[in-house]
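Bear in mind that the values in this text are calculations on the coordinates, not laboratory data. Note that the coordinates shown come from a computational prediction; the quantities given were computed from them, not determined experimentally.
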């Protein structure tokens, strides 16, 4: 019985920890205009952000992006919604990037 309680306490602590690591809600994220997004082009030490379907993702530390340029020629600091939908990997690749904001008009 004592082991069962210890197990339950550990399980609850782990679940609460995971709940705290959940992705932020988009309403809580910073909002970027296209002009502001352009500042995050990955050049001269800047972070590399891209927009897809109204969400802003940080691709700075993703291997396929170097200095704000994807190996296929795509550039950071812009909305890539149309381009990514035509790419071989599709939008699923965005699971590797951190959601950092939303795009405003």
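Based on Cα coordinates alone, diagonalise the gyration tensor for the range 25-103, multiply each eigenvalue by 5, take square roots, and list the semi-axes in whole Å, largest first. Mind dumping the intermediate values first?
On the way: eigenvalues 59, 46, 25 Å².
In descending order, the three semi-axes are 17, 15, 11 Å.
Note down the relative contact order for the range 25-103 as a percent, whole number, built from C-alpha pairs under 8 angstrom at least six residues apart.
On the way: 139 pairs, mean separation 30.4, N = 79.
Answer for the range 25-103 is 38 percent.
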message: Could you give the length gained by full extension between residue 43 and residue 91, i.e. 0.36 nm per residue of separation minus their alpha carbon distance, to one decimal place?
response: 14.9 nm
task: For the range 33-56 and the range 57-80, compute the distance between their C-alpha centroids and round to whole Å.
output: 9
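Given the Cα-Cα distance of residue 36 and residue 99 and 0.36 nm per residue of separation, how much length would full extension add, in nm? All intermediate terms of the calculation are to be shown ahead of the outcome.
Details: separation 63, 0.36 × 63 = 22.68 nm, distance 1.60 nm.
Contour length minus Cα-Cα distance gives 21.1 nm.
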